[in-house]
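Notes for the one structure printed next.
The values are calculated or read from the model by the stated rules, or taken from the named source; none is laboratory data. These figures come from a predicted structure and were not determined experimentally. With ideal geometry, Cβ positions are generated from the backbone for all residues, glycine too; neighbour counts draw on all protein chains shown.
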Amino acid sequence: MIVQAQGLRKAYGRIQAVDGLSLEIEEGEIYGLLGPNGSGKTTTILILLGLTEPSGGEVRVAGFNPVREALKVKRIVGYLPENVGFYEDLTARENLRYIARLNGIPDRDSKKRIQEVLEQVGLSDVADRPVGTYSRGMRQRLGIADVLIKQPKLAILDEPTTGIDPEGAGQILDMIVEMRNQQRLTILLSSHLLHQVQRVCDRVGIMHQGKLVAEGTVDELGAKSSGEGLELEAQVRGAGPELLAALEVLEGVRGVTCEDGRLRISCERDVRAQVARAILEHGAELLELRRRTFTLEEIYLRYFQGG
Ligand SMILES: Nc1ncnc2c1ncn2[C@@H]1O[C@H](COP(=O)(O)OP(=O)(O)O)[C@@H](O)[C@H]1O
Ligand SMILES: [Mg+2]
């Protein structure tokens, strides 16, 4: 485990920003810390980085205690804050050189590395323009370059796609997957934009009022939030009322709806084989049959709107 936290708490006056949070992240994972604004994501991140002290609980990052060994943690963690700042009148390349120096990398060693990371984040063509002329998307990419420069084991990205148009956000997310695949680093990203980030996360934790209210793969959360059951979706040609009746009485099936040849079958367990057989036995044509997975957006709504 590269991140291990147990019973973390952080209070700001009477506000319990983090309220008994436990978190485990494995090496090589892309973990999404998701939740609405104010749910405690940034505070959790600041605790992991040793930038704020927890009021309670235990935390280890790569085996180090961020409270007492903040420098050791800093050496192996790359951090992209919510609002990353650069020197506006310096170019991207100059900003990175400055950051490399701060990390103790001499110019002669950083030159090649800077060029590599600029290419990796797709900024090599504009690397010699002042950062003041950059869009938010370009700044975020430069922020990711900044994270990569020091070759961290763990990258913590706070709301990396917020404020960026969908296309730019998609590119940044693809870049994050690339980073993990090529450099085998672990990534913790936070976001309140569930639908945007869910496709790249191996696991997600959903935060609400300082607590982790759900955790797992997106598929696992989908299965849980549909009440221990699951839903199948079948595209069928020639579905008649007899077929629907036959499906409804199959063991394990709770209910069936049909719309334009698309069957939705809610069931207690995976009865795909039985469903397929019944469809064929009724002389209908089965075009597609799959388990319906829920988007995180749907899961999120279930958790946060009284579901
Ligand atoms: N420095 C601070 N002082 C006082 N309250 C804070 C501070 N930072 C965060 N909070 C409060 O803690 C709660 C969690 O905030 P935060 O961790 O920033 O959530 P998120 O990143 O999920 O939006 C919010 O109610 C916020 O107003
Ligand atoms: Mg935040």
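Any residue in the stretch 29-40 that is under 27 Å from His195 (Cβ atoms), away from ligand 1 (no atom under 12 Å from the Cβ) and touching a Gly at 6+ places or on another chain (Cβ under 8 Å)?
We begin by selecting, within the stretch 29-40, every residue under 27 Å from His195 (Cβ atoms); these are 29-40.
From the residues that got through so far, the ones that are away from ligand 1 (no atom under 12 Å from the Cβ) too are 29-32.
Imposing the further condition that a residue be touching a Gly at 6+ places or on another chain (Cβ under 8 Å) reduces the set to 31-32.
So far as the stretch 29-40 goes, yes, one or more of its residues are under 27 Å from His195 (Cβ atoms), away from ligand 1 (no atom under 12 Å from the Cβ) and touching a Gly at 6+ places or on another chain (Cβ under 8 Å).
In this structure, is Val177 β-branched (Val, Ile, Thr) and in contact with a Leu (Cβ under 9 Å, 6 or more places away or on another chain)? So that I can check it myself, show each step before the final result.
Values: β-branched (Val, Ile, Thr): yes; in contact with a Leu (Cβ under 9 Å, 6 or more places away or on another chain): no.
So Val177 does not fit the description; no.
Suppose we filter Tyr98, Tyr79 for residues that are closer than 19 Å to Gln183 by Cα and among the hydroxyl-bearing types (Ser, Thr, Tyr); which single one remains?
Numbers: Tyr98 fails: closer than 19 Å to Gln183 by Cα.
None of the other options fit; the residue is Tyr79.
Can you tell me how many residues in the stretch 115-134 are touching a residue at least 12 places away in the same chain (Cβ under 8 Å) and within 18 Å of Asp89 (Cβ to Cβ)?
9
If a residue has to be buried (at least 22 other Cβ atoms within 10 Å of the Cβ) and either of a type in the set (Asp, Glu) or within 16 Å of ligand 1 (Cβ to nearest atom) (or both) to count, how many in the stretch 164-195 make the cut?
Going through the stretch 164-195 one residue at a time, the tally reaches 5.
Collect the residues in the stretch 255-276 that are exposed (fewer than 14 other Cβ atoms within 10 Å of the Cβ) and part of a strand (DSSP E or B), keeping them in residue-number order.
Within the stretch 255-276, Gly255, Thr257, Glu259 meet the criteria.
Applying the selection to the stretch 29-46, what residues are within 10 Å of ligand 2 (Cβ to nearest atom) and either in a strand (DSSP E or B) or not assigned by TED's automatic domain parsing to the domain that holds Tyr12 (or both)?
The one that is within 10 Å of ligand 2 (Cβ to nearest atom) and either in a strand (DSSP E or B) or not assigned by TED's automatic domain parsing to the domain that holds Tyr12 (or both): Leu33.
Among residues belonging to the stretch 1-28 that are surrounded by fewer than 16 Cβ atoms within 10 Å (Cβ to Cβ) and within 16 Å of ligand 2 (Cβ to nearest atom), point out the one that is nearest to Ile45 (Cα to Cα).
Only one residue tops the list, namely Tyr12.
I'd like to know if the stretch 79-86 contains one or more residues that are without any contact (Cβ under 8 Å) to a residue 24 or more places away in the chain, more than 30 Å from Asp202 (Cα to Cα), more than 16 Å from ligand 1 (Cβ to nearest atom) and not aliphatic (A, V, I, L, M).
Restricting attention to the stretch 79-86, the residues satisfying the condition of being without any contact (Cβ under 8 Å) to a residue 24 or more places away in the chain are 83, 85.
Still in the list and also more than 30 Å from Asp202 (Cα to Cα): none.
Taking every residue of the stretch 79-86 in turn, none turns out to be without any contact (Cβ under 8 Å) to a residue 24 or more places away in the chain, more than 30 Å from Asp202 (Cα to Cα), more than 16 Å from ligand 1 (Cβ to nearest atom) and not aliphatic (A, V, I, L, M).
Which residue, of Thr133, Thr161, is within 16 Å of ligand 1 (Cβ to nearest atom), more than 19 Å from Ala62 (Cα to Cα) and in the same structural domain as Glu26 (by TED's automatic domain parsing)?
Values: Thr133 fails: within 16 Å of ligand 1 (Cβ to nearest atom).
Answer to the selection: Thr161.
Being over 16 Å from Pro81 (Cβ atoms) and touching a residue at least 24 places away in the same chain (Cβ under 8 Å) is the filter here; which residues of the stretch 139-169 pass it? Reasoning before the result, please.
The first filter runs over the stretch 139-169 and keeps only residues over 16 Å from Pro81 (Cβ atoms), leaving 151, 153, 165-169.
Matches in the stretch 139-169: Gln151, Lys153, Asp165, Pro166, Gly168, Ala169.
Could you please find all residues in the stretch 47-65 being assigned to a loop (DSSP other than H, G, I, E, B) and either among the hydroxyl-bearing types (Ser, Thr, Tyr) or away from ligand 1 (no atom under 16 Å from the Cβ) (or both)? Full working, then the answer.
Narrowing the stretch 47-65 to residues assigned to a loop (DSSP other than H, G, I, E, B): 49-55, 62-63, 65.
Listed by number, the residues that qualify are Thr52, Ser55, Ala62, Gly63, Asn65.
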